[in-house]
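The values are calculated or read from the model by the stated rules, or taken from the named source; none is laboratory data. As the structure is a prediction and not an experimental result, all values here were calculated from the model. Here the Cβ is made from the backbone with ideal geometry for all residues, glycine too, and neighbour counts use every protein chain on show. Each accessible area value is taken on the protein alone, full model and side chains, heavy atoms only, with ligands, DNA and RNA left out. Shrake-Rupley method; radii C 1.70, N 1.55, O 1.52, S 1.80 Å.
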Amino acid sequence: MRIGGKSAWRHTGLVVGFLSQGDQTSNASLVSATQLEADKELIETRIKVTLERFYVHAYPGFGKHHILCEYWGKNQVKLEKGKKASSEEIRFALNVHANDKAAAGVQGQPLFLGVAVGKDGLSFEGRAVNVGSKGNENMLKALNNSAVKNGLSLMTAAQPALKPFVGLAGALVNTAMENVKNVQVHEFFLGLDFSENTTSAKLRLGSYIVVQTDNDNWNWADYQWSNSANLLQEKKTGNAIEANYFVLGISEFSDE
């Protein structure tokens, strides 16, 4: 349950790896998201963001964990001709269940559909909350309704009706955080852009693996993605890594 001398859920940092689209080898290679070449053809296109995997190595408490996940960012909105493009907040929340050393039962869950990519790329923030209170059942049921589970279908024009929904998702998570038995396990800030800066994470189609760790000697060459087990593994041993992580998929969006 420990990596780097502390429980996995106590780490506050992250590393971000990248898995190329279409790599169907048994054990696929990974690179740091900062080592990519950005795909500038994605500028002014629309993409789909999905939650492909949510793996728990260790969370506080025992038994099955009830985990509230929240993701938010910005959608580049095209307005009338002659007016400057603006942005609107996009937010998605869902609850998952997982045991230690196991993945939650989620794969390909739409988070944001039709997100418009601006010239500065995309930015995402998120958090995972371990729900330890039995008083949050109604809130978790609200997050399982069809409107939430189908994701947000974003149009190319501003949507006033979207704002109340965004506010509802945020209010539900904030309500959960008010209970002292609920623990925020991780919070992340991820920017994917088209910069040539060495330290910037680049945007292109594929899968981004966000690992919760404080390991300052992390090397993605030491790890592999098992397509058969759908797991992040140590390359030398083939064992699942001793860290919490999730995978975000970035793919083309079709509104047909």
List, in the order given, every pair from LYS202/LYS236; LYS64/LYS236; LYS74/LYS119 whose Cα-Cα distance in the structure shown is over 18 Å. LYS202/LYS236; LYS64/LYS236
ASN99 versus GLU37: modelled label distance in nm, points set 7 Å from Cα along the beta carbon direction: 4.5 nm
Given 22-34, 51-63, 192-204, the highest-first ranking by average Cβ count within 10 Å works out to 51-63, 192-204, 22-34
Explain nothing, just compute: Karplus ³J(HN,Hα) = 6.51 cos²θ - 1.76 cosθ + 1.60, θ = phi - 60°, for every residue of the stretch 54-64 in order, whole Hz, x for Gly and Pro. 9, 10, 10, 7, 7, 10, x, x, 10, x, 6
Per-residue HN-Hα couplings for the stretch 241-249, Karplus 6.51 cos²θ - 1.76 cosθ + 1.60 at θ = phi - 60°, whole Hz, x for Gly and Pro? 5, 8, 7, 7, 7, 9, 10, 9, x
The answer for ALA38, listing residues at least 5 apart or on another chain whose modeled amide H is closer than 5 Å to its amide H, is none
Using 0.36 nm per residue of separation minus the Cα-Cα distance, give me the extension gain between GLU234 and GLN107 in nm, one decimal. 43.5 nm
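Say R0 is 30 Å: what FRET efficiency, to the nearest 0.05, do THR12 and LEU205 get from their beta-carbon distance?
After rounding to 0.05, the efficiency reads 0.55.
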Sulfur and carbon atoms: percent of accessible area, the stretch 1-66 [1.4 Å]: 47 percent
Distance in nm between VAL183 and ALA221 label points, each 7 Å along Cα→Cβ, equals 3.6 nm
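Run the numbers for GLU88 and SER251: contour at 0.36 nm per residue of separation, minus the present Cα-Cα distance, in nm.
Going from the current span to full extension adds 56.6 nm.
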